[in-house]
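S.K.: Input: one structure, supplied below.
The values are calculated or read from the model by the stated rules, or taken from the named source; none is laboratory data. Remember, predicted model here, so these are calculated numbers, not experimental data. Counting neighbours? That spans all protein chains shown, and the Cβs are built from the backbone with ideal geometry, glycine included. To get the accessible areas, we keep the full protein, side chains included, count just its heavy atoms, and leave off ligands, DNA and RNA. Shrake-Rupley method; radii C 1.70, N 1.55, O 1.52, S 1.80 Å.
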Amino acid sequence: ALMDVFLDWCANEQGLRRVKLEVFETNRVAIELYERLGFNYEGVRCGEVRVGEDWVDLVLMAKSLAED
């Protein structure tokens, strides 16, 4: 629900064309949520964050707000 409110606010804010985010590649639940909300996969930053003893990739995602 919070993401819906945030995206509505972004869509109504003049000058915003895209919303971008980064998410741990291990967080499949969040990635699936972002995909349902219209975010697209744009890339990956390999081994970007250390979590405990492991290095985790960051998935880069974005959603266009502009109507073409």
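S.K.: Just to be sure I understand, how many residues within the stretch 54-68 are touching a residue at least 24 places away in the same chain (Cβ under 8 Å) and either exposed (fewer than 13 other Cβ atoms within 10 Å of the Cβ) or touching a helix residue (DSSP H, G or I) at 6+ places or on another chain (Cβ under 8 Å) (or both)? Even if it seems obvious, please write down each step before you answer.
M.R.: Quick first cut of the stretch 54-68, residues touching a residue at least 24 places away in the same chain (Cβ under 8 Å) only: 56-66.
Filter once more, so that each one left must be either exposed (fewer than 13 other Cβ atoms within 10 Å of the Cβ) or touching a helix residue (DSSP H, G or I) at 6+ places or on another chain (Cβ under 8 Å) (or both): 59, 61, 63-66.
Count: 6.
S.K.: Of everything in the stretch 1-20, what is open to solvent by less than 80 Å² (accessible area, probe 1.4 Å), within 12 Å of the chain's Cα centre (by Cα) and under 12 Å from S64 (Cα atoms)? Give them in sequence order.
M.R.: L7, V19 - these are the residues of the stretch 1-20 that are open to solvent by less than 80 Å² (accessible area, probe 1.4 Å), within 12 Å of the chain's Cα centre (by Cα) and under 12 Å from S64 (Cα atoms).
S.K.: Here's something else I'd like to know. Take the residues in the stretch 6-29 that are part of a helix (DSSP H, G or I) and of a type in the set (F, W, Y); name whichever of them is nearest to A62 (Cα to Cα).
M.R.: Here the residue is F6.
S.K.: How about the stretch 27-68: which of its residues are hydroxyl-bearing (S, T, Y) and at pLDDT below 95?
M.R.: Going residue by residue through the stretch 27-68, those that are hydroxyl-bearing (S, T, Y) are 34, 41, 64.
Hit for the stretch 27-68 is S64, nothing else.
S.K.: Filter the stretch 33-53 down to the residues that are of a type outside the set (K, R), touching a strand residue (DSSP E or B) at 6+ places or on another chain (Cβ under 9 Å) and either open to solvent by 70 Å² or more (accessible area, probe 1.4 Å) or more than 21 Å from F6 (Cα to Cα) (or both) and list them by number.
M.R.: Taking the stretch 33-53 and keeping what is of a type outside the set (K, R), we get 33-35, 37-44, 46-49, 51-53.
If we keep only those that are touching a strand residue (DSSP E or B) at 6+ places or on another chain (Cβ under 9 Å) too, we end up with 34-35, 37-44, 46-49, 51.
Passing the criteria: E35, N40, Y41, E42, G43, V44, C46, G47, E48, V49, V51.
S.K.: Assuming I31 fulfils every condition listed in (1) touching a residue at least 24 places away in the same chain (Cβ under 8 Å); (2) out of contact with any Phe, Trp or Tyr (no Cβ under 9 Å at 6 or more places or on another chain) apart from one, which condition is it?
M.R.: Among (1) touching a residue at least 24 places away in the same chain (Cβ under 8 Å); (2) out of contact with any Phe, Trp or Tyr (no Cβ under 9 Å at 6 or more places or on another chain), the lone unmet condition for I31 is (2).
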